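Below is one structure, written out as structure tokens, with a few remarks after it.
The values are calculated or read from the model by the stated rules, or taken from the named source; none is laboratory data. Because the structure is a prediction, the values reported are computed rather than measured. No Cβ is skipped: glycine too gets one built from the backbone with ideal geometry, and neighbour counts run over all protein chains shown.
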Amino acid sequence: MSTILNFDTIHEYNTFLGVETFHPFISSIDFSKVTREFKHARKRYGFYMIFLKQVKCGDLIYGRHTYDYQEGTLVFIGPGQVAGKDDTGEVFRMKGWGLCFHPDLLRGTALGQKMKDYSFFSYESNESLHMSEREKATIIHCFQEIKDELEHSIDKHSKSIVIANLEVFLNHCTRFYDRQFITRENINKDILSRFETELHLYFESDKPQTIGLPSVQYFADRAHLSANYFGDLIKKETGKSAQEYVQLNIIDRAKELLHSPDKSINEIAYELGFKYPHHFSRLFKKKVGVSPNQYRLKN
């Protein structure tokens, strides 16, 4: 098994690259200024990492998959994730930009509360952000703005300015991902269609009884996507989260079954995959406004 390099702090990573640490919790790196040569290795980061590579790197191992790392894409890596490429003996110089920031930078800040909304840090590598030249120029400007601020002497304004620049950077990434979802509309609609088909097949099988209620992860795996990317895609296409979409499908099926007098409420709950009937009743009332029994009596 290949060796994994562990970087728990920003300073450890900067030392590995041979660059100066201006701030213990954030670093913006222009790789063209890194003079060292490297061999490929898999790396685990204890902080958030964003890479903009300006050179085609071949197959990159990221999580459970390999992917052809094209020039000019942004890859987002969350704390604790492993990314990189096994050592092939090849020696190379790094190009492009990198931004790494530790969760401790954001403790007690509004941006720290928002980080969960930047779900692209949990996307798979084949769901990276592919940018136009104009978008790439915007992102490089963000890297440079943060770098320039970090190279100033630290004062009482430094943290707020750096965090503000970081939030602008992440918001641009969100905007560009929204654009990517739109430009891939036909592909996304195909995924939505397959999602609907998979939902139908799930309830036509014995899976509700053997597995239980369908999870978003189950359908994401069927589509060969990460759960976060799949969820964001469904949200963009339908206006509802993937979980809401699944629940609405469950409620529609429950309504059909409730029209049949042959099955009790408990039997319907178990048939749909609920472990406990009262969980079914609670969800049904939350979505429909009345209990399953009241719905049955009204209809």
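State all residues of the stretch 259-287 that are of a type in the set (A, V, I, L, M, F, W, C) and within 31 Å of the chain's Cα centre (by Cα); if no residue qualifies, say none.
Matches in the stretch 259-287: Leu272, Phe274, Phe280, Leu283, Phe284.
Table: residues versus (1) closer than 24 Å to Leu166 by Cβ; (2) in a loop (DSSP other than H, G, I, E, B); (3) not assigned by TED's automatic domain parsing to the domain that holds Ile140.
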{"residue": "Glu12", "(1), (2), (3)": "yes, no, no"}
{"residue": "Val19", "(1), (2), (3)": "yes, yes, no"}
{"residue": "Pro24", "(1), (2), (3)": "yes, yes, no"}
{"residue": "Ile29", "(1), (2), (3)": "yes, no, no"}
{"residue": "Ser32", "(1), (2), (3)": "yes, no, no"}
{"residue": "Arg36", "(1), (2), (3)": "no, yes, no"}
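Would you check which residues across the stretch 264-291 are among the basic types (Lys, Arg) and either closer than 20 Å to Asp206 by Cα or surrounded by fewer than 12 Cβ atoms within 10 Å (Cβ to Cβ) (or both) and list them? Step through it out loud before you land on a result.
Just the residues of the stretch 264-291 that are among the basic types (Lys, Arg), to begin with: 275, 282, 285-287.
Lys275, Lys286, listed by residue number.
Among what's in the stretch 43-78 and is charged (D, E, K, R) and modelled with pLDDT of 85 or more, pick the residue that is surrounded by the most Cβ atoms within 10 Å (Cβ to Cβ). Write out each step before concluding.
Just the residues of the stretch 43-78 that are charged (D, E, K, R), to begin with: 43-44, 53, 56, 59, 64, 68, 71.
Going one step further and asking which of them are modelled with pLDDT of 85 or more, we end up with 43-44.
Values: Lys43: 18, Arg44: 16.
Among those residues, the one meeting the criterion is Lys43.
How many residues are of a type in the set (D, E, K, R) and within 14 Å of Leu213 (Cβ to Cβ) if we restrict to the stretch 253-286?
4
Out of Phe16, Phe25, report the one residue that is more than 26 Å from Ala227 (Cβ to Cβ), at pLDDT 80 or above, within 25 Å of the chain's Cα centre (by Cα) and among the hydrophobic types (A, V, I, L, M, F, W, C). Break it down stepwise before answering.
On the way: Phe16 fails: within 25 Å of the chain's Cα centre (by Cα).
After ruling out the rest, the residue left standing is Phe25.
Identify, please: which residue in the stretch 80-130 is among the small types (Gly, Ala, Ser) and assigned to a helix (DSSP H, G or I) and is, among those, surrounded by the fewest Cβ atoms within 10 Å (Cβ to Cβ)?
The residue in question is Ala110.
Are there any helices (runs of 4 or more DSSP H) wholly within the stretch 170-261 with 3 or more residues that are in contact (Cβ under 8 Å) with a residue 40 or more places away in the chain and surrounded by 13 or more Cβ atoms within 10 Å (Cβ to Cβ), and if so which?
185-204, 227-238, 242-258
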